[in-house]
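Visitor: Below is a structure I'd like to ask you about.
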Amino acid sequence: MSSESGVRDELTIGPPGSQYSMSPAEGPSDPSAELTYQYGLEVEARSQWAYARRRFFRHRLALGSLIVLLLIFGAGVFANFLAPYSYTQINLDALSAKPSAHHLFGTDSAGRDSLSRVLYGIRTSARVGILVGVLSTVIGTIIGGLAGYYGGWADNLLMRVTDLFLTLPLLAVLLVAAKYLGHSTPTKLALLLAFLIWTQIARIVRGSFLSLREKEFVEAAKAAGAGDVRIMLRHMIPNTIGPIVVSATLTIGTAILLEAVLSFLGFGIEPPTPALGALLNEGQDQGIDKWWLVTFPGIVIVVIVLCINFVGDGLRDALDPTQRRVRT
Amino acid sequence: MPEPVLSIKDLVVEFRTEDGVVQAVDGITYDLYPGETLGIVGESGSGKSVSTMSLLGLIPQPPGRIVRGEAMFQGKDLLKMSKKDLRRIRGNDLAMIFQDPMTSLNPVLKIGFQITEAIRTHNPGVKDDAAKQRAVGLLKLVGVPNPERRVDQYPHEFSGGMRQRAMIAMAIANEPSVLIADEPTTALDVTIQAQILEVLKKAQQETEAATILITHDLGLIAELADRVIVMYAGKVVEVGDVNTIFASPRHPYTIGLMDSLPKLTAPEEWLRPIPGQPPSLISRPPGCPFHPRCFLSQGRARCREEEPPLRPIDESAHLTACHFAEELEGRTGHLVEPVGAGT
């Protein structure tokens, strides 16, 4: 009996003397916190970006596409180092030559190296695409943001303008505009395209701002004295960055495709500057037997646009905050 | 009596809805004195939050509208101030602690950044390092362990109690002279509530801010408040210092509120709610808004016909809006056990 009545000075959860027993004297003020740090129970914290990056890199198709895309764009950027010839250099010994060791993609009727022209064409198209992506995102975010944040008549006005742009038959407007502007430089063409295709981003940003506006953290920021601009830039755009990035990416693809269409129809970028669509146009003029003039630039366009769409899909999955799950 | 830091007179706030105009706040008047904690109690929809939100210009207009009234703060009327001037005061001299820490923090911004939001907005030149140091200091003050690490974390890495601590840190960042705490513990469980109470007290001592504590938790009031305002249907029905209100409430609604609390000290099988529903704020009953539910009124014509003014009891600072308050002489409020009892 005496052994049992001995004062229990230990709080014993497991068998006496086991690792689970804890002397009450050493109990820290906040036991859970102390234990957490003492035994490293805390899970390594990951930021939203870290999660997104992880999810993106686990998305094999998107990652592969990104690599292919970087290679293609890289080839365009470094065209002056990579291209075997200048895009205007004429080889009179090889007019309309088939692909060979000297001219991997063959030559056109003027004896210009097709591979070199495709590489420079990528440079032009990528420039147009990225410029349009950035510009239309900026325009769309500003318009959609203002509409969503202020609501009311501002929203009505801006969204009716957006609707107006959405109802324009894109191709017809582009052809008319191109006709009036004449043959254009890549920058001019990019401005024109950006001016026409910002609408989707505007709608996405507006929708997202409309719902964010009602969030309590926005009210809390207001109560802390933050002004409208600060709230939009610091609180709302970071919460919308996912959809914005995705749709900016997809816009690049759309722009490259549109540039190709316009150039193909002969309204795009002024020769001799090679652009992928312009190369297609030149190729089809020279007959079906010169298959290499159409095939290679065509494949490049298809691969670029496909890759951009896959990357966009990957980003959409990666940046979706409701998806905590990481692909395995 | 010292000069009040905040003085509200005859504030009327209404909301236009599809069913009609809702008088959310109907002519309330009160003063807030330096360093004191003023508790505002009342049921949901009694106008507690709206009355303070409208001071900060945080009610959406429309549908909300401040019909009349004035709110003198530092010699200026908050209700007539330009948006820009009001913004300079918000988060600086007048700060707010929000109800739900789970939704009041921006999920994509670091805690440290959000705590220093108010500092950055009001001192544009402040260096990032200095702001971060301040955030660490504030987190330490509100009892967040390991603050150097915690400032760089995101809200989802914080528990509910820790987030509410961060919210308090955010509110006191600029050492406000008035702190409004809108149901600061409602979203938390009881053990955390007690901790947050301690933090609130500490924050208050540190900044010497006069505090408006909005709650429907009488325990919280008993623990924290110096004076109490009881609101019902957009009106102030009783005002007094906390001991007086709990010891000798002089409004039937206050008594009903206290009676409706379950007591741990007495074995009771049933809760004793106040019968009936709060009145619709679109069509108020004539006379005293509380008369349909009141045990004192019992069909008395005066309660139905005449709206009772807020009047002093025994010429003291204890005010009540009941015609028959004298009949409540000797009634004591039930003993309320404070939430933080024993801590």
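Just so you know, all these numbers are worked out from the coordinates, no wet-lab data involved. Keep in mind that this is a model prediction, so the values were computed, not measured. Glycine also receives a Cβ, built like all others from the backbone with ideal geometry; neighbour counts cover every protein chain displayed.
Visitor: So if I restrict to the alpha-carbon atoms in region A:228-285, what is the Rg, and what is Dmax, the biggest pairwise distance, in Å?
Guide: Gyration radius and largest Cα-Cα distance of region A:228-285: 18.1, 56 Å.
Visitor: Cα centroid distance between region A:63-125 and region B:165-239, in Å?
Guide: After rounding, the separation between the Cα centres reads 71 Å.
Visitor: Distances longer than 26 Å among the Cα atoms of region B:66-215: what percent of all pairs is that?
Guide: 24
Visitor: If you don't mind, another one. With chain B treated as a Gaussian network of Cα nodes joined by springs under 10 Å, which of B:I229, B:I89, B:I221 yields the largest mean-square fluctuation?
Guide: Largest GNM mean-square fluctuation: B:I89.
Visitor: Then there's this: Which order results if A:D228, B:D31 are arranged by neighbouring Cβ count within 10 Å, fewest first?
Guide: Fewest-to-most Cβ neighbours within 10 Å comes out as A:D228, B:D31.
Visitor: Counting only other chains, what is the mean number of Cβ atoms within 10 angstrom of the Cβ of each residue in peptide B:148-156?
Guide: Counting other chains' Cβ atoms within 10 Å and averaging over B:148-156 gives 2.
Visitor: Translational diffusion coefficient, Stokes-Einstein: compute it for region B:1-79 using the Kirkwood radius over C-alpha pairs as Rh, at 20 °C and 1.002 mPa s, and state it as an integer in µm² s⁻¹.
Guide: Calculated translational D: 163 µm²/s.
Visitor: Taking the Cα centre of the protein assembly as shown as the origin and placing charges on Cβ (Lys, Arg +1; Asp, Glu -1), which of A:L146, B:Y154, A:L250 is farthest toward the positive end of the dipole?
Guide: Value: A:L250.
Visitor: Next up: Can you pick out the pairs among A:K215/B:K76; B:K48/B:K84; B:K76/B:K202; B:K110/B:K132 whose Cα atoms lie more than 21 Å from each other?
Guide: Where the Cα-Cα span goes over 21 Å, the pairs concerned are A:K215/B:K76; B:K48/B:K84; B:K76/B:K202.
Visitor: Give me the percent of Cα-Cα pairs in region A:80-183 that sit more than 19 Å apart, rounded to a whole number.
Guide: 65
Visitor: Could you pull out every one of the lysines with an alpha carbon less than 30 Å from that of A:K98, ignoring same-chain neighbours closer than 8 positions?
Guide: Cα-Cα hits under 30 Å: A:K290.
Visitor: On to the next question. With θ set to phi - 60°, apply the Karplus curve 6.51 cos²θ - 1.76 cosθ + 1.60 along region A:50-67 and write out the HN-Hα couplings as whole Hz, x wherever there is a Gly or Pro.
Guide: 4, 4, 4, 4, 4, 5, 5, 5, 7, 8, 4, 4, 5, 5, x, 4, 4, 5
Visitor: Taking the Cα centre of region B:62-183 as the origin, how large is its charge dipole in debye, to the nearest 20, when only Lys and Arg (+1) and Asp and Glu (-1) carry charge on their Cβ atoms?
Guide: 320
Visitor: Going Cα to Cα from A:K179, which lysines come in below 17 Å? Please leave out same-chain ones fewer than 8 positions away.
Guide: A:K188
Visitor: Using the C-alpha atoms of chain B, what convex hull volume per residue, in cubic angstrom, is computed?
Guide: 152
Visitor: Also, I was wondering about something else. For region B:1-138, just the Cα atoms, rotate onto the principal axes and tell me the three extents in Å, largest first.
Guide: Between the extreme Cα coordinates on each principal axis of region B:1-138 lie 50, 41, 29 Å.
Visitor: Within 10 Å of each residue's Cβ, count the other Cβ atoms and sort A:K179, B:K48, B:K76 from fewest upward.
Guide: Neighbour counts put them in this order, fewest first: A:K179, B:K76, B:K48.
Visitor: Now a separate question. Give me the distance in nm between label points sitting 7 Å out from Cα along the Cα-to-Cβ direction at B:R311 and B:E206, one decimal.
Guide: For the pair B:R311/B:E206, the computed spacing is 4.7 nm.
Visitor: Also: Tabulate in residue order the Karplus-calculated ³J(HN,Hα) for region B:185-199, using 6.51 cos²θ - 1.76 cosθ + 1.60 with θ = phi - 60°, rounded to whole Hz; enter x for Gly and Pro.
Guide: Couplings: 10, 4, 8, 10, 7, 4, 5, 5, 3, 4, 5, 5, 4, 4, 4 Hz.
Visitor: When the C-alpha atoms of region A:225-328 are aligned to their principal axes, what extent does each axis show, in angstrom, from largest down?
Guide: 67, 40, 15
Visitor: So who's got an amide H within less than 5 Å of the one on B:I212, skipping anything under 5 residues away but keeping other chains? H placed 1.01 Å off N, in plane.
Guide: B:L38, B:L179, B:I180, B:A181
Visitor: Now, a different point. B:V126's amide H: which non-local residues (gap 5+, or another chain) put their own amide H closer than 5 Å, with H modeled 1.01 Å from N in plane and none for Pro or chain starts?
Guide: The answer is none.
Visitor: Ok, one more. Ignoring solvent entirely, what values of log10 I(q)/I(0) come out of the Debye formula for region B:260-321 at 0.14, 0.24 Å⁻¹ when each Cα is a single scatterer?
Guide: -0.60, -1.00
Visitor: Using +1 at the Cβ of each Lys and Arg and -1 at the Cβ of each Asp and Glu in the protein assembly as shown, identify which of B:T265, A:G312, B:V242 lies farthest towards the dipole's positive end.
Guide: Towards the positive end, the residue furthest out is A:G312.
Visitor: Between B:H291, B:H318, B:H156, where does the largest GNM mean-square fluctuation fall for chain B, given springs only between Cα atoms within less than 10 Å?
Guide: Comparing B:H291, B:H318, B:H156 in a Gaussian network model of chain B, the most mobile one is B:H156.
Visitor: With a cut-off of 8 Å between alpha carbons and a minimum separation of six or more residues, what is the relative contact order of chain B in percent?
Guide: 20
Visitor: Next question, about the same structure. More than 47 Å apart: what percent of Cα pairs in the protein assembly as shown qualify?
Guide: Percent of Cα pairs beyond 47 Å in the protein assembly as shown: 40.
Visitor: Taking the Cα atoms only, what angle lies between the long axis of helix B:160-172 and the longest principal axis of chain B, rounded to 10 degrees?
Guide: Once rounded, one gets 80 degrees.
Visitor: With a bin width of 10 angstrom, please list the P(r) values of region B:142-219 as percents of all Cα-Cα pairs, from the 0 bin to the one holding the largest distance.
Guide: 18, 52, 28, 2
Visitor: By counting other Cβ atoms within 10 Å of each Cβ, how are A:W198, A:W291 ranked from fewest to most?
Guide: Lowest count first: A:W291, A:W198.
Visitor: Oh, and also: Provide Rg over Rh for region B:171-316; use the alpha carbon set for both Rg and the Kirkwood Rh (inverse mean inverse pair distance).
Guide: 1.01
Visitor: Residue by residue through region B:250-262, what is 3J(HN,Hα) from phi via Karplus (6.51 cos²θ - 1.76 cosθ + 1.60, θ = phi - 60°)? Round to whole Hz and write x for glycine and proline.
Guide: Once rounded to whole Hz, the list reads 10, 10, x, 5, 4, 4, x, 4, 5, 5, 6, 6, x.
Visitor: Under 5 Å between amide H atoms, partner at least 5 residues away or on a different chain: which partners does B:K235 have, H built in plane at 1.01 Å?
Guide: Counting only residues 5 or more places away or on other chains, the set is B:D26.
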